[in-house]
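J.: Encoded as structure tokens, here's the structure I'll be asking about.
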Amino acid sequence: MAKRKVCVVVTARPSYSRIKTALTAIAAHPNLELQLVVAASALLDRYGSAIDTIKQDGFKIAAQVYMVLEGENLATMAKTTGLGLVELATVFDNLRPDVVVTVADRYETIATAIAAAYMNIPVAHVQGGEVTGSIDEKVRHAVTKLADLHFVSTDEALRRVIRMGEEPANVYVTGCPSIDIAKEVLENPALDFDPFQKYGGVGSVSSMANGYLVVMQHPVTTEYQLARQHVLQTLRAVRDLGITTFWFWPNVDAGSDGTSKAIRSFRENESPQNMHFFKSMSPTDFLRLVINSKALIGNSSVGIRECSYLGVPVVNIGTRQAGRERGHNVMDVNYEYDAIIGGIRQQISNGRYPIDRIYGDGDAGVRIADLLAMAPLHIEKRLTY
């Protein structure tokens, strides 16, 4: 029997960490052939060159798609989506996959789903059925309606996808593949590398002996004009606490230019002595850094997903994760200096939280691969090449 060709499209640094263990399981499955497509900001150095990590992890890349337009505003998001639709259609026509896997809720994700759906290629969607703020939720639900298979992270996400009219037999609770990496890190949590030496970055090199914070704050697309103002509140709060801090670059979204400029300006004009800035790290190294931290600060879904499993205290700032299921480790605050400082102090005082398996138990990647090998794909609907 011919192997089922599974085309997975990775479009950003977070998308890779969300699907890495599934890629490993697909590549190892005797009945599957992995076709890995790397696209959008995952190819760009300014956002950490996720493609370098992907190659270092040993994955063979079937195609690369350059599709990001400069500008980091609403118009360039829309145009990047359109360009991605054009380019990905060509890639799918060349690769002729049996199923296309798309991840989460970014705007590049909907380009992947539209291209595959119009070409009658079955679509498998990872992380559907969740609720968050901004345009991401609309994209996620739209991709759900374009998808044929749904690999959701939680029971509530399953119920929501079914309420949207999807066939229950096609919706599976697999957990989130990023929890698989968190499980590995929890079993071996030692920080076995020097972040300054291994990843460089810029800014002061502070002692880690008394603990440190990790910050990852992205712009909110529906509030993108306030991105600079929002991140400045966090920058000032973290500086004034005086705790060694590792700060990571934002995603390529509307408003990221404002966030990035604010970080650069603050770094150059204020010269904070306790802050060091990185573009990116490998998923495993990043989570090892996080699990050994005093707290994670910002608005990344890492705080909601992986940190719930790792028991890391989180100060979640603003509306980006509004509505998402969360564990007891998360404290929500608004974009205010005093609220951010107060939240960080309280979470440090609380210390580690118990493990919460709300987003899975660490076996999602293998489950997804097995389902891709066995699930009916209605292949008769595909175009004849």
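J.: Based on the alpha carbons, how large is the Rg to Rh ratio for the stretch 184-350 when Rh follows Kirkwood?
T.: When Rh is taken as the Kirkwood radius, the ratio is 0.93.
J.: Sequence gap at least 6, Cα distance under 8 Å: using those rules, report the relative contact order of the stretch 184-350 to the nearest whole percent.
T.: It comes to 27 percent, rounded to a whole number.
J.: Something else now. Once the piece of chain linking residue 45 and residue 225 is laid out straight, how much longer is it, given 0.36 nm per residue of separation minus the C-alpha distance between them?
T.: Answer, rounded to one decimal: 62.3 nm.
J.: Here is a follow-up. Under 20 Å from a point 7 Å along the Cα-to-Cβ line of residue 374: which residues of the stretch 134-166 have their amide N that close?
T.: 148-155, 158
J.: Here is a follow-up. State the volume of the convex hull built on the alpha-carbon positions of the chain, expressed per residue in Å³ and rounded to an integer.
T.: Hull volume over Cα atoms, normalised by residue count, gives 121 Å³.
J.: Something else now. Can you list residues whose amide H is under 5 Å from residue 149's amide H, if they're 5+ apart or on another chain and H is modeled 1.01 Å from N?
T.: For residue 149, whose amide H was placed from the backbone, the distant partners under 5 Å are 123, 124, 125.
J.: Taking every DSSP beta bridge that has both residues in the chain, what percent is antiparallel when rounded to the nearest 5?
T.: Counting only bridges with both partners in the chain, antiparallel ones make up about 5 percent.
J.: For the stretch 184-350, give the share of DSSP beta bridges that are antiparallel, in percent and rounded to the nearest 5; count only bridges with both residues there.
T.: In the stretch 184-350, approximately 10 percent of DSSP beta bridges are antiparallel ones.
J.: Once you place label points 7 Å from the Cα toward the Cβ at residue 197 and residue 265, how far apart are they in nm?
T.: 3.7
J.: If you don't mind, there's one more thing I want to ask. In straight Cα distance, which aspartates and glutamates are under 17 Å from residue 261, not counting same-chain residues fewer than 8 positions off?
T.: 45, 70, 72, 223, 253, 270
J.: Continuing with this model, one more query. Test of understanding: extend the Cα→C-beta vector of residue 131 to 7 Å, then name every residue of the stretch 354-368 with backbone N under 13 Å from that spot.
T.: Flagged as within label range: none.
J.: Which residues does the label zone of residue 61 cover in the stretch 1-38, counting backbone N under 14 Å from a point 7 Å along Cα→Cβ?
T.: Under 14 Å, as judged by backbone N against the label point of residue 61, lie 9-13, 16, 36-38 of the stretch 1-38.
J.: Which of the lysines could a cross-linker span from residue 138 if the Cα-Cα distance has to be under 23 Å and same-chain partners fewer than 8 positions apart are dropped?
T.: Within the straight-line cut-off, residue 138 pairs with 79.
J.: If you stretched the chain out fully between residue 3 and residue 337, how much longer would it get, using 0.36 nm times the residue separation minus the C-alpha to C-alpha distance?
T.: 114.7 nm
J.: Also: If I stretch the segment between residue 328 and residue 28 completely, what's the gain in nm (0.36 nm per residue apart, minus their alpha carbon distance), one decimal?
T.: Taking residue 328 through residue 28 to full extension adds about 104.4 nm, to one decimal.
Throughout, read-outs are computed from the coordinates displayed, never taken from laboratory work. What you see is a predicted model, and the numbers here were worked out from it, not measured in a lab. Positions of Cβ are generated from backbone atoms using ideal geometry, with glycine treated the same way; all protein chains shown enter the neighbour counts.
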